[in-house]
Amino acid sequence: MTADLSQLDAQTFDRTLSAAAGVFARHGLRGLDMASVLAEVATATGLDPAALRRDFPTRLDLAYAIALNSTRRLVNDQLADHRPGCPAERIERLVRRHIDHCWHRRTEEDLRRDVLPTLRAVDPARYRELSDLRYSYLEHLRSIVADGVAQEHFSVSGSGATASRVLETLESVVNWYEPHDGLSAEELGDVCTDLIIHHHLGGPRD
């Protein structure tokens, strides 16, 4: 299959980035030269290595695309939830979606954290794009916290600062959680939900 990736459908593009993330998971971000990375991606996807090189000239271009695709997926999924529920129920759904995302996209989240300092230094526009997505997520979270405070479900002051602490807690899961440690995604969701609702947000226990 010979194609310019920019002309591929979203499913194939996502599959290509998933294959690249798998290469980085096996070898590390800097474990292979770029030609070897693209060769493995081409083998996994059937794409032309030259097309891959056109869309991703450098390792940073590819890592950024993976991180951006993963972050967009997380944020869009969170913002798309308009189901009814009390603030605590909405927070629980948000927490479990975040955990599920990190469960399935651990490598992508690691790459995002890895490339952000480099992007900030050498590519401010791309850095802002990732930062703006995080800000949208944070504002969504802040609105749920503010609703909980207004309805007296949560006992905190400063919904913005509290939302930041909640998001930092969720993001820290990537730092310490290992999928093979015996804790399932559902159990990890239970732990994080309890911590966030009852500790960070001051929600009462039944």
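Computed from the coordinates by the stated procedures, all read-outs in this text should not be read as laboratory data. Model, not experiment: these values are computed from the prediction.
With only Cα atoms counted, the chain has Rg and Dmax values of 19.0, 59 Å. Can you tell me the 0 to 90 degree angle between the C-alpha axis of helix 87-104 and the longest principal axis of the chain, rounded to 10? Approximately 20 degrees, to the nearest ten. Helix 124-150 and the longest principal axis of the Cα set of the chain meet at an angle near 20°.
Shape class for the stretch 1-57, computed from the alpha carbon gyration tensor (a ≥ b ≥ c): prolate, with a/c not under 1.5 and a/b above b/c. Taking all Cα pairs closer than 8 Å and separated by 6 or more residues, the relative contact order of the stretch 58-200 comes to 34 percent.
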